[in-house]
Amino acid sequence: MSLKAAIFSTTSFVFLATSSAADVTAKEIWDDWKSYMSAFGYSVDAEEVISGNTLTVNDVTMRVPMPDGAGSFAMSMSTIDFVENGDGTVNVVFPEVTPMQFAAKGPEGEAVSGSLEYTIKGMEMRASGDPSKMIYDHTAEQMSITLRTLTVDGETLPEGALKAALTVNDTSGQSVMEPGALRKISQNMRAGETNYQINFQDPDSSDGMVFNGVIETMRFSGDTSIPLSVDPENVASALRDGMSIVGGFSYTGSSTEFSVTDDSDTMGGSVGAASSEVQVRLNKDLLEYKGGSKDARFNIVGGSVPLPIVAEFGEVAFNLLMPVAKSESASDFAFGLTLGNFETSDALWAMLDSANVLPRDPATISLDLTGKAKMLVDFFDPEQMSAVEDGEAMPAELQALTLNKLLISAVGATLSGTGDFTFDNSDTESFDGFPKPTGGIDLSLIGGNGLMDKLVQMGLLPQEQAMGARMMMGLFARPGEGEDSLTSKIEINAEGHILANGQRIR
């Protein structure tokens with residue numbers, strides 16, 4: 001199943017798994033569900049029976065083709081009961097076990113099919129509101145999805161060869177649906193402990209892998225607008241019609257343990273974090289991702305790794321903002337990455353620095369860029385992006401770039417910088433096909449000479465190369481205010497000249 005297919009299939013399915021004011025009837029809820037599923041390309045078949053205050057939907061089957069002809073996804077339920085409570089609200093009752101089937105093409109064109117089992121325990125869902133705004137409040141003791149069978153090119157894996165399961169405990173939340181030409185969906189969900197596992201054992205050898213993980217708590221919130229009809233293979237069209245997504249996902253206490261065995265050689269390890277979050281914003285104009293983790297850690301041992309590799313980060317953070325629509329004017333873009341307070345084990349340090357010459361303070365790398373760019377193509381249009389990939393079109397025109405922060409701090413030295421440039425796209429000759437830049441960057445290096453002395457002492461840097469490096473720093477830098485401190489200002493002026501601290505070098 002492709003990532004794109006999984007996103008659209010899962011988005012459609014979550015509504016069924018997630019329920020005061022005016023009256024709403026059982027029939028209105030079921031009709032709206034069918035309309036919602038149809039918007040995502042699902043075909044819905046069922047038998048409807050009304051008895052007293054209950055609408056029972058029997059033999060429910062929902063099918064959807066995956067994008068790019070990758071296969072299909074289907075889900076069936078024995079019954080769903082919509083029970084009117086007499087106060088304008090409706091209880092929705094799902095079966096405890098729901099089977100699902102999928103059929104897809106693998107990465108090399110192989111036919112892949114299988115079955116899943118979706119299980120709900122102790123679920124309560126109540127719908128309220130009215131047809132213009134339906135509110136679903138829900139709780140569940142446990143929800144789980146388990147892989148039951150998997151067949152590749154007609155050969156079914158034997159029982160026990162592959163185990164894949166996801167279990168979420170103690171969930172609660174609310175979903176608000178506002179039907180219309182542009183359906184609005186607002187969701188909030190909380191969950192307790194979540195467990196997941198993927199265990200594979202090759203039936204014909206000792207090869208296999210094990211992934212077992214746990215998350216202590218999870219939260220999700222999001223607001224989505226969806227047109228009446230959505231083509232998963234044409235995201236650009238859906239965005240033009242008003243589709244938008246704003247949401248965030250966070251969790252605490254994550255830990256995953258893994259091992260991989262290949263020819264009797266086993267490599268294992270673990271990854272985890274105290275807390276993590278991801279936020280996304282998407283509309284016809286922009287795409288934005290940002291997120292990060294606190295107290296992230298991982299370790300690897302065994303296999304071809306000669307000794308345990310241990311890494312800990314106090315902070316890992318990223319952000320990406322980019323325009324996605326072809327435009328006559330420039331839009332903001334941004335990119336940021338932080339790997340903060342990195343530490344590793346003394347055993348790994350000893351391999352690199354057995355004499356303990358280098359300082360072992362936590363290391364940090366941080367980069368923060370913003371700018372302006374004019375999009376020359378629609379990012380989500382497959383034909384336009386295919387032309388970019390083939391070298392027939394440029395994706396964007398860079399107009400301005402600002403270095404808000406550059407920080408590299410490690411082994412006793414710190415490099416930092418800020419800068420700002422604008423670009424003349426009418427002149428691509430002055431800099432060999434690149435738009436002509438104008439602006440400058442300020443750099444500061446503290447502890448650079450001391451680091452070179454230590455590298456020479458360790459035998460990692462020959463003395464003559466260190467002398468050459470110092471001569472280059474003398475040309476491009478000048479002494480700063482503190483000890484072992486250098487600064488440099490690199491500029492590109494309107495004439496296209498490159499200057500270092502006011503001295504022309506090109």
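Any residue at all in segment 252-270 that's within 20 Å of the chain's Cα centre (by Cα) and open to solvent by 60 Å² or more (accessible area, probe 1.4 Å)?
The answer is no; no qualifying residue exists.
So is M134 under 30 Å from D381 (Cα atoms), touching a strand residue (DSSP E or B) at 6+ places or on another chain (Cβ under 9 Å) and modelled with pLDDT of 85 or more or not?
Considered against the rule, which asks whether it is under 30 Å from D381 (Cα atoms), touching a strand residue (DSSP E or B) at 6+ places or on another chain (Cβ under 9 Å) and modelled with pLDDT of 85 or more, M134 comes out as no.
When only residues in segment 53-85 that are at pLDDT below 95 and not in a strand (DSSP E or B) count, which is farthest from the chain's Cα centre (by Cα)?
Filtering segment 53-85 for residues that are at pLDDT below 95 and not in a strand (DSSP E or B), the one farthest from the chain's Cα centre (by Cα) comes out as G69.
Going by what's in this entry, would I80 be described as of a type in the set (V, I, T), under 29 Å from F220 (Cα atoms), touching a strand residue (DSSP E or B) at 6+ places or on another chain (Cβ under 6 Å) and open to solvent by 30 Å² or more (accessible area, probe 1.4 Å)?
Numbers: of a type in the set (V, I, T): yes; under 29 Å from F220 (Cα atoms): yes; touching a strand residue (DSSP E or B) at 6+ places or on another chain (Cβ under 6 Å): yes; open to solvent by 30 Å² or more (accessible area, probe 1.4 Å): no.
No; evaluated as a whole, the condition is false for this residue.
Whether any residue in segment 229-237 is surrounded by fewer than 17 Cβ atoms within 10 Å (Cβ to Cβ) and assigned to a strand (DSSP E or B) is what I want to check.
Looking for residues that are surrounded by fewer than 17 Cβ atoms within 10 Å (Cβ to Cβ) and assigned to a strand (DSSP E or B), one finds none in segment 229-237, hence no.
Does segment 103-110 include one or more residues that are of a type in the set (A, V, I, L, M, F, W, C), within 30 Å of S225 (Cα to Cα) and either open to solvent by less than 30 Å² (accessible area, probe 1.4 Å) or assigned to a strand (DSSP E or B) (or both)?
Scanning segment 103-110 turns up at least one residue that is of a type in the set (A, V, I, L, M, F, W, C), within 30 Å of S225 (Cα to Cα) and either open to solvent by less than 30 Å² (accessible area, probe 1.4 Å) or assigned to a strand (DSSP E or B) (or both).
Do you know which of the residues in segment 452-468 that are open to solvent by 40 Å² or more (accessible area, probe 1.4 Å) and not aliphatic (A, V, I, L, M) is farthest from G480 (Cα to Cα)?
G459
Is there a residue in segment 440-451 that is crowded, with 16+ Cβ neighbours inside 10 Å and among the β-branched types (V, I, T)?
Yes.
State yes or no: is G129 in contact with a strand residue (DSSP E or B) (Cβ under 9 Å, 6 or more places away or on another chain) and part of a loop (DSSP other than H, G, I, E, B)?
In short, no.
Take S293 and tell me if it is in contact with an Asp or Glu (Cβ under 8 Å, 6 or more places away or on another chain), of a type in the set (S, T, N, Q) and over 23 Å from W33 (Cα atoms).
For S293, the condition - in contact with an Asp or Glu (Cβ under 8 Å, 6 or more places away or on another chain), of a type in the set (S, T, N, Q) and over 23 Å from W33 (Cα atoms) - is met.
Output the qualifying pairs, or none if there are none: Cβ atoms under 8 angstrom, residues six or more apart or on different chains, first residue in segment 86-101 and closer than 30 Å to S72 by Cβ, second residue surrounded by 17 or more Cβ atoms within 10 Å (Cβ to Cβ) and polar (S, T, N, Q).
Correct list of pairs: V92/S19; Q101/S113.
So, of the residues in segment 391-410 that are open to solvent by 40 Å² or more (accessible area, probe 1.4 Å) and in contact with a helix residue (DSSP H, G or I) (Cβ under 9 Å, 6 or more places away or on another chain), which turns out to be farthest from K436 (Cα to Cα)?
The selected residue is E392.
The values are calculated or read from the model by the stated rules, or taken from the named source; none is laboratory data. All values reported here derive from a predicted model rather than from experimental measurement. Glycine also receives a Cβ, built like all others from the backbone with ideal geometry; neighbour counts cover every protein chain displayed. These accessible areas exclude ligands, DNA and RNA; they are computed on the full protein's heavy atoms, side chains included. Shrake-Rupley method; radii C 1.70, N 1.55, O 1.52, S 1.80 Å.
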